Structures are given as C-alpha cells and as structure tokens.
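Structure record follows, encoded as structure tokens.
The values are calculated or read from the model by the stated rules, or taken from the named source; none is laboratory data. Nothing here was measured: the structure is a model prediction, and the numbers come from that model. We place every Cβ from the backbone using ideal geometry, glycine too, and count neighbours over all the protein chains shown.
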Amino acid sequence: MSILVPLYIYPHLGQWDPLYWAAWSHPKVNFTVIVNPCSGPCGQNLSSTYINEIPKLKQYKNIQTLGYVATNYTNKGLDNVLEEIGLYANWSSNWNDSRISVDGIFFDETPGLYDWRKFAYLETAQKAVKSLPGLGQQIVVHNPGTLPDRVWNYMNLSDVTVIFEQSFMKWLDQPNFNLLKAFQNDSSHPKSAMAVMLHSLPSLTDNLLTCVIKELENMAGYFFLTSVGDQDQYWHSFSNLFSPLATAVDRINEQKLL
C-alpha cells in the first residue's frame, strides 16, 4: 500500500514540509510522489527552486518519485511526449545531482476506451521509459481516471493504472463502489497495479478514515485522499487530511504485524 501524492505544488519555502514531516514520522509508510514543475519537466528552464528542493525527497527511503507527463488522451504529439520523458531521464546529468532523478513517469490523461492506435502510442512511450537508465526503477503509471474494460485495456503497458479519480461521494455511490470492487476481483491484474484518487472528502473521525482506507486497500495498492473540493485545485495543496491519512496508514500497517 502506497500513498500516491500529486505534488503539484510550487516548492516555496516550507510548502513541501507536510510531506517531509509525514515521511520522517512514518518511515514504514510508502509515498509515491508525482513531481510536476510546469505540467512537465520544464526543459532547460527548470527553476533553481525545484533543482534545490527535489533532491530533498531522496533523503527519505520511503519516498519514490515520478515525473509528470500529460498525453492529452494521446492527442499530444508522441514526439513531444518522448522528449519530455527524455528530459526527466537527463535531469541527474543536466544538474549533476543523482538525487534529482525520478523513478519513472506518471502519464496523465491517458485514454480509457481501447483503440489500437492509442495502444501503439502508449506502447512506444512505455518502451521509452523502460529503456532509459536515468529513470531509476522505470515505473510507468497511467491515469485514465476511469475503470478500464476488463479485457480490452492498456494495463499491460503500465505498472500502475489509476482506475478511479473522482469525488469521495462519487466513490461512495453504490454502483461505482460495486464496480470498483468487482473490477479488482475479476481483473487479471493484481490490486498492486491499481490506484484510486479521491477528492472533496468531508471531515472524518479517525475510525471512519481508517474504514475508508481499508476499503480502498481492497480495491487498489495505491491511493490518495484530499479534503480539497475546489475544481482544478484538488491536487495543488496539502489538505488538513494529509497528516491524519499518513497516521492512519501507519496504524493499519502496524495492526497487520500483530
């Protein structure tokens, strides 16, 4: 179980401290962090603020990092996507610091419905990631944000697929909830290859938060929760839920050891 953190936050002084604090205080909780300097790697224009801050993530053994690349549902030029992948792969050599390297790529806005041409596009992108030593563990994550078809999908091209990105209430909606549980049970892919991201959570007691996490754990190996409810701002700040989330995951992990 890993907390999938969309770190779409400019690293002004102290802005990433909630993540550092959570990783330090909960060393047995895994965080998979998506870094997104400017809807991509920024080319040679990566600001010194990012160059100085991203290496700090590598101080924590329980943090792995992914570089953000949007595909615009494969409408973005494939050459542009491959260029961005290559830019992330070259970060450590460009800035002469191995700690700035990422461990793979988070492909946002990937298609949901199957199409052989889109498959070929994503396959080329996947092969690029898997061929570049500058991308560490060479992890590939797709984010269609919706449930794929059980048979005709792109999951063989990714290590992890975000199968649901929606509001907490949409997740609780019985048809959606049942579909997510059924998908995990019927899929040929393990739940460790799936992720769920939920926004607009209400205030929850510790016990209710624990129940939510346990339900998510039955659906996916990666997840993220935020109380932010403003459209287009869901992933651009640390909500007041972030610290309790890490604490609850830590507590659940400890209970498994008993």
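The criterion of being surrounded by fewer than 20 Cβ atoms within 10 Å (Cβ to Cβ) and either in contact with a strand residue (DSSP E or B) (Cβ under 7 Å, 6 or more places away or on another chain) or in a loop (DSSP other than H, G, I, E, B) (or both) does not hold for residue 192.
Checking segment 118-127 against the condition returns no match, with no residue being farther than 14 Å from residue 75 by Cα and either buried (at least 24 other Cβ atoms within 10 Å of the Cβ) or hydrophobic (A, V, I, L, M, F, W, C) (or both).
Only one of the numbered conditions (1) out of contact with any helix residue (DSSP H, G or I) (no Cβ under 6 Å at 6 or more places or on another chain); (2) without any contact (Cβ under 8 Å) to a residue 40 or more places away in the chain; (3) surrounded by 14 or more Cβ atoms within 10 Å (Cβ to Cβ); (4) assigned to a helix (DSSP H, G or I) is violated by residue 256, and that is (3).
With the condition being at pLDDT 95 or above and of a type in the set (Val, Ile, Thr), I'd like the helices (runs of 4 or more DSSP H) fully within segment 14-93 carrying at least 1 qualifying residues.
48-57, 78-89
Scanning segment 136-189 for residues that are touching a helix residue (DSSP H, G or I) at 6+ places or on another chain (Cβ under 8 Å), assigned to a helix (DSSP H, G or I) and polar (S, T, N, Q) yields a count of 2.
State whether one or more residues within segment 119-129 are in a loop (DSSP other than H, G, I, E, B), in contact with a Leu (Cβ under 9 Å, 6 or more places away or on another chain) and either of a type in the set (A, V, I, L, M) or in contact (Cβ under 8 Å) with a residue 12 or more places away in the chain (or both).
Filtering segment 119-129 down to residues in a loop (DSSP other than H, G, I, E, B) leaves none.
Among the residues of segment 119-129, not one is in a loop (DSSP other than H, G, I, E, B), in contact with a Leu (Cβ under 9 Å, 6 or more places away or on another chain) and either of a type in the set (A, V, I, L, M) or in contact (Cβ under 8 Å) with a residue 12 or more places away in the chain (or both), which makes the answer no.
Within segment 222-232, the set of residues being farther than 10 Å from residue 201 by Cα and either modelled with pLDDT of 95 or more or charged (D, E, K, R) (or both) comprises 222, 223, 224, 230, 232.
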